[in-house]
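This report concerns only the one structure given below.
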Amino acid sequence: MADDGSAQNAIWPLPKFHFQVKWDDTELAFQEVSGLDIETEPLEYRAGNNPVFSKIKMPGMTKSGNITMKKGVFAKDNAIFDWFAEIKMNTIKRKALTISLLDEGANPTMVWKVQNAFPVKVSGTDLKAEGNEVAVETIEIAHEGIVIENA
């Protein structure tokens, strides 16, 4: 009889293909999300009276890159372009994004809360007469920080 793994008390890593993206109260279906990274720049410092001839490193400012999200193009779905168009009118509304990794029961297991997000780049799909791929649009979002929560 084959072992299905149920007898083991091991914890398996979560698959990354079942996720949800919400901005404000709207849920949008994206096929890919990347750029959920945070880093701290180290500061090097040496006190003038330090007898050791080397620098020490301390944590400095925290920064995070832009988040890139890709989704299929649907008829009459202009949510991405409408949000980006607010920049031209100088009325851009920063939004709270919530990106959730879901388990088999569609419950969030890991949540990234993105603070004060706004679009900085929108790319439409490339068009090719001989292709048979799905049309995909891309939005790049700047933000002021990510808070990670494990459910």
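The values are calculated or read from the model by the stated rules, or taken from the named source; none is laboratory data. Computed from a predicted structure; not experimentally measured. For neighbour counting, all protein chains shown are included, and Cβ atoms are generated from backbone atoms with ideal geometry for every residue, glycine included. Protein only, heavy atoms only, side chains kept; ligands, DNA and RNA dropped before computing areas. Shrake-Rupley method; radii C 1.70, N 1.55, O 1.52, S 1.80 Å.
Please go through segment 70-151 and write out the GluC sites (Glu not before Pro) that DSSP classes as loop and that have at most 10 other C-beta atoms within 10 Å.
Passing both the DSSP loop test and the Cβ count: Glu104, Glu130, Glu133.
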| task | For segment 50-151, state which chymotrypsin sites (Phe, Trp or Tyr not before Pro) are in a DSSP loop and have at most 15 other beta carbons lying within 10 Å of their beta carbon. | result | Phe53, Phe74
| field | Rounded accessible area per residue of the chain, 1.4 Å, Å² | value | 73
| query | Counting Lys and Arg as +1 and Asp and Glu as -1, what is the net charge of the other residues whose Cβ lies under 12 Å from the Cβ of Gly124? | reply | +1
| query | Within the accessible area of the chain, what % is carbon and sulfur when the probe is 1.4 Å and the other protein chains stay in place? | reply | 53
| query | In whole Hz, what ³J(HN,Hα) sequence does segment 52-60 give by Karplus (6.51, -1.76, 1.60; θ = phi - 60°), x for Gly and Pro? | reply | 7, 8, 7, 8, 9, 10, 10, x, x
| Sequence-distant lysines (8 or more away, or on other chains) whose Cα lies within less than 30 Å of Lys63 | Lys16, Lys22, Lys55, Lys71, Lys88, Lys93, Lys95, Lys113, Lys121
| task | Compute the length gained on full extension between Gln31 and Lys88: take 0.36 nm times their separation in residues and subtract their Cα-Cα distance, giving the result in nm to one decimal. | result | 17.8 nm
| Given charges of +1 on the Cβ of Lys and Arg and -1 on the Cβ of Asp and Glu, with all other atoms neutral, how large is the dipole of segment 18-151 about its Cα centre, in debye to the nearest 20? | 600
| request: Please calculate the 1.4 Å probe accessible area of Leu14, with all protein chains present, and give it to the nearest 10 Å². | output: 90
| note | In segment 102-151, the trypsin sites (Lys or Arg not before Pro) that sit in a DSSP loop and have at most 13 other Cβ atoms within 10 Å of their own Cβ are Lys128
| field | Shape parameters for the chain, alpha-carbon atoms, Rg then Dmax in Å | value | 21.3, 71
